[in-house]
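Novice: Have a look at this one before I ask anything.
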Amino acid sequence: MNKIKYIILISSFFLLQGCSVYNFTGTGKIDAKTFQVGYFQNVSELVEPGIDRDFTRRLQDLIQNQTNLNLISTDGDLVYEGEIVDYRISPMTATADLTAAQSRLSITINLRFSNKNKPEEDFEKRFFFYDDFPGNNLPTGAQLKKSLDLIFERISQDMFNATLAKW
């Protein structure tokens, strides 16, 4: 009976040791304590007021919610900088009377990431996503909010995965 207790105890110990590196965001061990997110200015040809501020906050919130890193305004261990380089509304399909049956809002954001503790992980990359909506809807009000929420969620998660989760 004592042997069974020791076997269960040792097995439990090894099982718990294997779980110590895992977390639910998939980041593993982060060799940083702080991060900063610079203002992602909208430099695209078509400017939608406020999206630069909204995206910057979305990225800050995502990193704060999925890590234990502290947000600071200067000299962070991890630095996210960039700009919104493309904001575009395009017709995707047409009806018989040559009006848009479906439209697409697409956004491209350029990210410059630097890691003070591991400079070999620094990179610059563009992230892109889009949302399709009925052509008779204008990209304003509720439709614009829905599209921006979807696009910003996807782009910020892709940035998080590329920088911290290494996916």
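Novice: What accessible area, in Å² to the nearest ten, does a 1.4 Å probe give for residue 93?
Specialist: 70 Å²
Novice: Only residues of region 38-68 count here: report those whose backbone N is under 14 Å from the spot 7 Å along Cα→Cβ of residue 112, or say none.
Specialist: Correct set: 38-41.
Novice: Counting only protein heavy atoms and using a 1.4 Å probe, what share of the accessible area of region 55-161 belongs to carbon plus sulfur, as a whole percent?
Specialist: Percent of accessible area from carbon and sulfur atoms in region 55-161: 48.
Novice: Which whole number in µm²/s is D for region 99-167 by Stokes-Einstein, with the Kirkwood Rh taken over Cα pairs at 25 °C and 0.890 mPa s? The partial results should precede the final answer.
Specialist: Numbers: Rh = 13.7 Å.
For these conditions, the coefficient is 180 µm²/s.
Novice: With every protein chain present, what accessible area does residue 103 have (1.4 Å probe, heavy atoms only), rounded to the nearest 10 Å²?
Specialist: Its heavy atoms expose roughly 10 Å² to the probe.
Novice: Run the numbers for residue 41 and residue 81: contour at 0.36 nm per residue of separation, minus the present Cα-Cα distance, in nm. Mind dumping the intermediate values first?
Specialist: Working: separation 40, 0.36 × 40 = 14.40 nm, distance 0.95 nm.
Length gained between residue 41 and residue 81: 13.4 nm.
Novice: Test of understanding: what is the full-extension gain from residue 94 to residue 72, defined as 0.36 nm times their sequence separation minus their Cα-Cα distance? Provide the component values of the computation, followed by the final result.
Specialist: Numbers: separation 22, 0.36 × 22 = 7.92 nm, distance 4.77 nm.
That pair, residue 94 and residue 72, stretches by 3.1 nm at full extension.
Novice: Using the Kirkwood radius over Cα pairs, work out the Stokes-Einstein diffusion coefficient for region 61-140 at 4 °C and 1.567 mPa s, in µm²/s as a whole number. Display every interim value, and only then the final one.
Specialist: On the way: Rh = 15.6 Å.
In µm²/s, the coefficient rounds to 83.
Novice: With a 1.4 Å probe and all protein chains kept in place, how much accessible area does residue 88 have, in Å² rounded to the nearest 10?
Specialist: About 120 Å², ignoring ligands and nucleic acids.
Novice: What accessible area per residue comes out for region 47-120, rounded to a whole number of Å², with a 1.4 Å probe? Don't jump to the answer; show the numbers that get you there.
Specialist: Values: 3920 Å² over 74 residues.
That works out to 53 Å² per residue.
The values are calculated or read from the model by the stated rules, or taken from the named source; none is laboratory data. What you are looking at is a predicted structure, and each value in this text was computed from that prediction instead of being measured. Cβ sites come from the backbone with ideal geometry, for glycine too, and all protein chains shown count toward neighbours. Remember, those area values only see protein heavy atoms, side chains included, never the ligands or the DNA or RNA. Shrake-Rupley method; radii C 1.70, N 1.55, O 1.52, S 1.80 Å.
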